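Taking it in order: structure first as structure tokens, then the write-up.
The values are calculated or read from the model by the stated rules, or taken from the named source; none is laboratory data. These numbers were taken from a predicted model, which means no experiment stands behind them. Note: ideal-geometry Cβ built from the backbone for every residue, glycine included; neighbour counts use all protein chains shown. Remember, those area values only see protein heavy atoms, side chains included, never the ligands or the DNA or RNA. Shrake-Rupley method; radii C 1.70, N 1.55, O 1.52, S 1.80 Å.
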Amino acid sequence: SLYNQILKRSKETDLSSHLDTSNVNVLTWATPPRQPSHPRMIPSAMLILVLAMLGGLAGAYVMETVDATLKDPGELEPIFRVRPLGVVPDLPRRARDAEERKKRELFAAKAPRKTAAECLRSVRTNLIFLVGRKDVRRILVTSGSPKEGKTVVCANLGVTMALAGNRVLVVDTDMRRPRLHRVFDIQKTGPGLSGVLLGDTTVEEAVINTDVEGLDILCCGPSPQNPAELLGTAGFAQLVRYLGERYDYVLFDSPPVLAVTDASILAQLTDASMVVARINQTDRKRLRATLISLRAVGADL
């Protein structure tokens with residue numbers, strides 16, 4: 001009897017295990033979507049816009065930090081408290097022969113109708129307007145660092161002033177790396193400023209007349225051993241006063257301010273100082289240091 005009961009229960013269990021049972025009930029029928037779930041255009045576009053703005057800000061910060069050069073003349077007055085006199089287009093730095101180099105560097109005389117010459121005449125006008133209310137005859141032309149174009153600007157500014165009917169003298173006071181004689185294509189071996197200061201020649205003998213009417217130049221001459229000491233003598237100060245009385249304008253092409261002390265000495269002897277800077281090359285910190293050095297000696301920038 002016990003065996004029969006166990007056998008019966010076993011068969012019932014086998015039958016119940018073969019039955020398909022389900023506890024799934026339909027609660028709500030699914031509806032097809034009206035728009036795709038991906039991509040979602042508006043949120044994606046907003047995300048891309050935000051990422052682009054953040055990337056642009058990060059790139060601008062990196063560029064501003066890494067490249068600290070002067071980018072726009074409009075930065076000069078609000079940041080450095082100096083008024084820009086004008087902008088001269090950058091000139092090609094290479095020339096095929098000496099004649100092309102002279103035409104490129106002395107563009108105010110060789111190509112007076114070029115854009116660079118017109119821009120430099122605007123610089124001349126602004127300069128004369130700024131200093132017209134003061135007795136300014138002796139003007140220092142300098143820069144903070146080498147290869148920023150001060151010699152070419154000084155030479156061509158002298159040409160434009162002479163063409164306006166003034167008697168102008170351009171003096172090369174860069175006795176370490178003189179370059180004015182190359183711009184005017186003159187031999188360096190002749191008497192110059194160093195010979196005048198050492199008493200080897202007179203001013204009249206050292207001054208050279210150019211092809212431009214009213215424009216004379218005084219080259220550096222043989223480079224001395226102690227240029228700064230030579231420029232700091234009483235004889236040089238007397239020479240600067242004499243030249244200022246003899247000419248309407250005297251332009252002094254000096255060495256870079258941050259390289260040597262010659263420019264600071266000249267700034268004390270001249271009536272005004274003009275700083276030449278090159279866009280995308282002149283470092284802002286070095287330009288600020290240049291202006292601070294000149295203001296420290298009382299230069300009228």
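Kindly evaluate Leu7 against the criterion of being open to solvent by less than 100 Å² (accessible area, probe 1.4 Å), modelled with pLDDT of 85 or more, part of a helix (DSSP H, G or I) and not hydroxyl-bearing (Ser, Thr, Tyr).
yes
Taking region 70-89 as the search range and keeping residues that are among the charged types (D, E, K, R) and assigned to a helix (DSSP H, G or I), which one is surrounded by the fewest Cβ atoms within 10 Å (Cβ to Cβ)? Talk me through it step by step, then tell me what you get.
Pass one, region 70-89, residues among the charged types (D, E, K, R): 71-72, 75, 77, 81, 83.
With assigned to a helix (DSSP H, G or I) added as a condition, the list becomes 75, 77.
On the way: Glu75: 13, Glu77: 11.
By that ranking, first place goes to Glu77.
Can you tell me how many residues in region 167-200 are within 25 Å of the chain's Cα centre (by Cα), part of a helix (DSSP H, G or I) and surrounded by 20 or more Cβ atoms within 10 Å (Cβ to Cβ)?
Final tally of qualifying residues: 2.
Could you list, in sequence order, the residues of region 83-101 that are at pLDDT 85 or above and on the phi < 0 side of the Ramachandran plot? Explain how you work it out, then say what you get.
Filtering region 83-101 for residues at pLDDT 85 or above gives 84-89.
Result: Pro84, Leu85, Val87, Val88, Pro89.
Suppose the filter is at pLDDT below 85 and small (Gly, Ala, Ser); does Gly132 pass it?
For Gly132, the condition - at pLDDT below 85 and small (Gly, Ala, Ser) - is met.
Which of the residues spanning region 157-177 are touching a Phe, Trp or Tyr at 6+ places or on another chain (Cβ under 6 Å) and within 23 Å of Arg278 (Cβ to Cβ)?
Result: Met161, Val171, Thr173.
In region 201-225, how many residues are part of a loop (DSSP other than H, G, I, E, B) and in contact with a Phe, Trp or Tyr (Cβ under 7 Å, 6 or more places away or on another chain)?
The first filter runs over region 201-225 and keeps only residues part of a loop (DSSP other than H, G, I, E, B), leaving 201-202, 207, 210-214, 219-225.
Imposing the further condition that a residue be in contact with a Phe, Trp or Tyr (Cβ under 7 Å, 6 or more places away or on another chain) reduces the set to 210.
Selection size over region 201-225: 1.
For region 239-264, which positions are outside any loop (DSSP other than H, G, I, E, B) and open to solvent by less than 40 Å² (accessible area, probe 1.4 Å)? Before you say what the answer is, go through the steps one by one.
Taking region 239-264 first, the residues outside any loop (DSSP other than H, G, I, E, B) are 239-246, 249-253, 262-264.
Once the filter is applied, which keeps residues that are outside any loop (DSSP other than H, G, I, E, B) and open to solvent by less than 40 Å² (accessible area, probe 1.4 Å), region 239-264 yields Leu239, Val240, Leu243, Gly244, Tyr249, Val250, Leu251, Phe252, Asp253, Asp262, Ala263, Ser264.
Pick from region 273-301 the residues that are small (Gly, Ala, Ser) and surrounded by 17 or more Cβ atoms within 10 Å (Cβ to Cβ): which of them is nearest to the chain's Cα centre (by Cα)? Before you say what the answer is, go through the steps one by one.
Kept after step one, since they are small (Gly, Ala, Ser), are these residues of region 273-301: 273, 277, 289, 293, 296, 298-299.
Keeping just the survivors that are surrounded by 17 or more Cβ atoms within 10 Å (Cβ to Cβ) gives 273, 277, 293, 299.
Working: Ser273: 18, Ala277: 5, Ser293: 18, Ala299: 21 Å.
Restricting to residues being small (Gly, Ala, Ser) and surrounded by 17 or more Cβ atoms within 10 Å (Cβ to Cβ), the top hit is Ala277.
Please enumerate the residues belonging to region 205-218 that are open to solvent by 10 Å² or more (accessible area, probe 1.4 Å) and on the phi < 0 side of the Ramachandran plot.
Residues of region 205-218 that are open to solvent by 10 Å² or more (accessible area, probe 1.4 Å), as a first pass: 205, 207-214, 216.
Across region 205-218, the qualifying residues are Glu205, Val207, Ile208, Asn209, Thr210, Asp211, Val212, Glu213, Asp216.
Residue-wise test of (1) within 31 Å of the chain's Cα centre (by Cα); (2) of a type in the set (S, T, N, Q); (3) under 26 Å from Leu130 (Cβ atoms); (4) at pLDDT 90 or above.
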site	(1), (2), (3), (4)
Asp211	no, no, no, no
Ile217	yes, no, yes, yes
Pro222	no, no, no, no
Thr233	no, yes, no, no
Leu243	no, no, yes, yes
Ala259	yes, no, no, no
Ala267	yes, no, yes, yes
Thr270	yes, yes, yes, yes
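Across region 133-149, what is the total count of residues that are open to solvent by less than 20 Å² (accessible area, probe 1.4 Å) and not in a loop (DSSP other than H, G, I, E, B)?
Number of matching residues: 4.
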